[in-house]
Amino acid sequence: MIDLHAHLLPGVDDGPATWEEAQELCRQLASQGVTGVLATPHFIPGRYPDPRHVRELVNELNGRLRSMSCPLTVYPGAEAYLDPELPRLVAGKTVLTLNDAGRYLLVELPFERVPSCTENVLFSLLSGGVTPVLAHPERNAELREKPSLLATLVERGALVQVNAGSVVGEFGPQVQRFAGRLVHQGLVHFMGSDTHHPRQRPPLWAAATARLEQLVGRDVALTIACSNPSTLLAGDEVISPDPEPDFRRGGSFWGRAFSRFLGR
Ligand SMILES: [Fe+2]
């Protein structure tokens, strides 16, 4: 299985502070069945790690994992905070795309709202040949209120990564319900542990994959946890299923009705 979103590199963001913590995080991921993980340090324009430094840290971590006989491969990436400058920064290679391949970019929205520039930024990326992958949209309050906004972004080409922690309730029942709803409606393409620290914020991968299987069955769970991210790493196109029709109508009424139906 492949984890699309993790803060694994020491000293570059609010992830692990030391190599020991980084190695422990990797041990935990491997023990939960993860074989590949994208290291995605926070990228905030004006305050970001140098891509060359990230590549060096990824190489160093992979060397350490080999010497520990840890069966996990780390790939470079970034979690890019939504900003009108992103398309220019990506084109100038100032921000790392996923697996440094220039094809997919992990994009984080603010937690409370969907900024007015969102569509323009995402579609400017798409028109430049870079597919945006929205990091944990289930944690965004405005998208929880107006889920049709997310369906529209996906219909127009964006992809979605849900957090493992959200699926199992780490961020509360509202976020968990919405994450489950997104999975059910075919609006989730990848899962990420978004792990930051082996004790304060460990990966909850094994529990989340078990929950995914309960929600949508083994085939869809494997598509999210294995085949879609493998396709991404190979640089190929990840195919997005059409969202369920009731999602397009969106609105909080449908969210509440669906949640009641699911009993979650
Ligand atoms: Fe993150």
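The values are calculated or read from the model by the stated rules, or taken from the named source; none is laboratory data. Quick caveat: nothing in here was measured; it's all calculated off a predicted structure. Cβ placement follows ideal geometry from the backbone for every residue including glycine, while neighbour counts extend to all protein chains displayed.
Some observations on this one:
- Of the strands (runs of 3 or more DSSP E) lying entirely inside the stretch 26-85, the ones with 2 or more residues being within 16 Å of the ligand (Cβ to nearest atom), modelled with pLDDT of 95 or more and touching a Gly at 6+ places or on another chain (Cβ under 7 Å) are found at 36-39.
- Being out of contact with any Gly (no Cβ under 6 Å at 6 or more places or on another chain), within 16 Å of the ligand (Cβ to nearest atom) and within 23 Å of residue 119 (Cβ to Cβ) is a description that does not apply to residue 89.
- Selected residue [touching a Phe, Trp or Tyr at 6+ places or on another chain (Cβ under 9 Å) and buried (at least 20 other Cβ atoms within 10 Å of the Cβ)] from 44, 2: 2
- Residues satisfying the stated conditions in the stretch 224-247, i.e. in a helix (DSSP H, G or I) and either at pLDDT below 95 or closer than 16 Å to residue 97 by Cα (or both): 229, 230, 231, 232, 233, 245, 246, 247
Okay, residues lined up against (1) crowded, with 24+ Cβ neighbours inside 10 Å; (2) modelled with pLDDT of 95 or more; (3) under 20 Å from residue 38 (Cα atoms):
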position	(1), (2), (3)
134	yes, yes, yes
137	yes, yes, yes
141	no, yes, no
153	no, yes, no
156	no, no, no
162	yes, yes, yes
168	no, yes, no
172	no, yes, no
180	yes, yes, no
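- The set of residues in the stretch 1-20 that are within 13 Å of the ligand (Cβ to nearest atom), in a loop (DSSP other than H, G, I, E, B) and among the hydrophobic types (A, V, I, L, M, F, W, C) comprises 8, 9, 12.
- Hey, residue 181 over 14 Å from the mean Cα position of the chain (by Cα) and free of Cβ contacts under 8 Å to residues at least 60 places away in the same chain or not: no
- Considered as a group, the residues in the stretch 182-223 that are surrounded by fewer than 24 Cβ atoms within 10 Å (Cβ to Cβ) and under 20 Å from residue 99 (Cα atoms) include one that is nearest to the ligand (Cβ to nearest atom), and that residue is 196.
- Number of the condition not met by residue 93 [criteria: (1) charged (D, E, K, R); (2) more than 21 Å from residue 234 (Cα to Cα); (3) surrounded by fewer than 18 Cβ atoms within 10 Å (Cβ to Cβ); (4) touching a helix residue (DSSP H, G or I) at 6+ places or on another chain (Cβ under 9 Å)]: (2)
- Pairs are defined by a Cβ separation below 8 Å, a sequence spacing of at least 6 or placement on different chains, a first member in the stretch 126-141 that is more than 20 Å from residue 172 (Cβ to Cβ), and a second member that is more than 16 Å from the ligand (Cβ to nearest atom) and of a type in the set (Lys, Arg); the pairs so defined are 126/156; 129/103; 130/103; 131/103.
- Taking the stretch 119-192 as the region of interest, the strands (runs of 3 or more DSSP E) fully inside it that hold 3 or more residues being not small (Gly, Ala, Ser) are 131-135, 159-163.
- Filtered residues of the stretch 86-111 (kept if part of a helix (DSSP H, G or I) and within 17 Å of residue 158 (Cβ to Cβ)): 86, 87, 90, 98
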